[in-house]
1. Rank B:ALA157, B:GLN169, B:THR218 by how far each Cα sits towards the positive end of the charge dipole of segment B:140-229 (+1 on Lys, Arg Cβ; -1 on Asp, Glu Cβ) and give me just the farthest.
2. I'd like the per residue volume of the convex hull spanned by the Cα atoms of segment B:4-71, given in cubic angstrom.
3. Test of understanding: express the Cα radius of gyration of the protein assembly as shown as a ratio to 2.2 N^0.38 Å, with N the residue count.
4. Which lysines, if any, have their Cα less than 28 Å from the Cα of A:LYS108, not counting same-chain residues under 8 positions apart?
5. Separation between the B:GLU167 and A:GLU190 pseudo-spin-labels, each 7 Å from Cα along Cα→Cβ, expressed in nm?
6. Taking 0.36 nm per intervening residue step and subtracting the Cα-Cα distance, what contour gain separates B:GLU134 from B:GLU35 on full extension?
7. How high is the relative contact order of chain A? Use alpha-carbon pairs under 8 Å, at least six apart in sequence, and give a whole percent.
8. Where does the charge balance sit around B:THR185 when Lys and Arg score +1, Asp and Glu -1, over other residues with C-beta under 11 Å from its C-beta?
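Only the coordinates and a few stated rules stand behind these numbers; no lab work does. Bear in mind the structure is a predicted one, so any value in this text is a computation, not a measurement. Neighbour counts are summed over all protein chains in view; Cβ atoms, including those assigned to glycine, are modelled from backbone coordinates with ideal geometry.
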2 protein chains.
Amino acid sequence: MQNKYLVIYRQIAEKIQDGEFPPGEKLPSEHELMEAFHASRETIRKALNQLAQNGFIQKVQGKGSIVLDAAKFDFPVSGLVSFKELASSLGNRHVTYVEKLELIEPDKNVQKQLQALPGSKVWKVYRVREIDGEKIIFDKDYLKQMYIDNLTEKICASSIYEYIENELQMKISFAKKEIIVEEPTEEDREYMDLDGYSNVVVVKNYVYFDDASLFQYTESRHRPDKFKFVDFARRTHT
Amino acid sequence: MQNKYLVIYRQIAEKIQDGEFPPGEKLPSEHELMEAFHASRETIRKALNQLAQNGFIQKVQGKGSIVLDAAKFDFPVSGLVSFKELASSLGNRHVTYVEKLELIEPDKNVQKQLQALPGSKVWKVYRVREIDGEKIIFDKDYLKQMYIDNLTEKICASSIYEYIENELQMKISFAKKEIIVEEPTEEDREYMDLDGYSNVVVVKNYVYFDDASLFQYTESRHRPDKFKFVDFARRTHT
DNA sequence: CAGTATAACTTGTATATACATGTCAGTAAA
DNA sequence: TTTACTGACATGTATATACAAGTTATACTG
């Protein structure tokens, strides 16, 4: 038993998702939660702040914590999730094809994106995601070999993140994302079922470890009709 | 002088943006910041946690707080900002045209999106944003009259958010966003300079007040070549 | 010299206390 | 009846203390 406030966070989050605390209703007061979880008020407040941050509740001074409609979890590209984690909530009709797996010396563009040292090598992985029989997503990953020694097709077909976190025991921490719309490249047309579509949605991802070191640059290229990005944003009053 | 930890947050954030604390470097330790700001450690930590949440720094246990490259602020659609706030960082060649401003009884779709009571009225606002002489963004806003009594063309041309927060003294707090790609409608082609483009990027926004009441539904429709969405996401280890 | 142990310093977690501020219902006064 | 006040209760902020855990440099030991 460790990280008391995270345990409390998860338990309340679970109850919200199970409908035990329905949207629109109020959570028990901090005082009541203190007794229920045998914790101090600050610890309860840490858990509640996490819930607020992730869009589960809205805190109102003097009133209480209102449960929000967590429809957010439709399609959580918003957070930092791997395709495998995501796909598990999408049903079972999805396949991943590893089209390319090479250890390369990066060209200037990739070198710049990854802030890679000259001479250092980079894993280049192409993966295509097929859902309901259609090739809809084309992921181009570049990972620094410096952090990931060995990479097999099996790992790529399953989940690179899982391998990094479970096998290598490294903690993926945060990412900068950028979403733009482009015209399809030759590669896009080769690997995806693009038919007549004249655009692809490109999600560029710069992924960092715990210690703020950049280890991955990814372009996730989506067919526009199947793309959806959901976000929860709080206004920062400056 | 109030909200000590927010004051500290803003001061450090400013120093990071000014380059006084350059990316890659470490922030002073919590102990040093305590002395510098005459605050307790918990207060400093609240400020630092805000900075971490917003992508300014990465905290590493045992080491310190590393300043991140805040290129995030290129185009902060990620947060919850109005076009006016956003545009001020884009230079001066932008114009807003208020194409429509009506008080309507919402149709079923809008009624559902806003969870509006039957019989209640809703402001319908169409605005077109022109940048560098091109009509690039088409905003369709629906606001509950229940919260916003009076709305003029002047307010719409300037900033509805500014009016709500400064004049009406209500606090806009959070939003749920959804980004998808659609084929242009007749309206899109009428109001925007779409030329040959066969897609528009649609950002759907559900905007809430402080007390978790929904007051606005917006569709912000962008020409794909000018659209860019930047986000900072932390991985939540469940 | 190499390796290890330790001490100093860093951030992380948990608790307790005090007071400020916002909400709301019930009571007393006009 | 209406208004104003007050007290109970909710969350917000600021502080202090204690210990846990990760990092790093130093000093010690073989």
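1. Comparing the listed Cα positions along the dipole, B:GLN169 ranks first.
2. Working: hull volume 5.1 nm³, N = 68.
For segment B:4-71, the hull spanned by Cα atoms encloses 75 Å³ per residue.
3. 1.02
4. Qualifying lysines at Cα under 28 Å: A:LYS100, A:LYS121, A:LYS124, A:LYS140, A:LYS144, A:LYS171, A:LYS176, A:LYS177, A:LYS204, B:LYS72, B:LYS226, B:LYS228.
5. Each label point is offset 7 Å from its Cα along the Cβ direction, giving 5.8 nm.
6. 30.4 nm
7. On the way: 376 pairs, mean separation 38.8, N = 238.
Worked out over chain A, it gives 16 percent.
8. Values: positive: B:LYS140, B:ARG189, B:ARG221; negative: B:GLU182, B:GLU183, B:GLU186, B:GLU187, B:ASP188, B:GLU190, B:GLU219.
Local net charge: -4.
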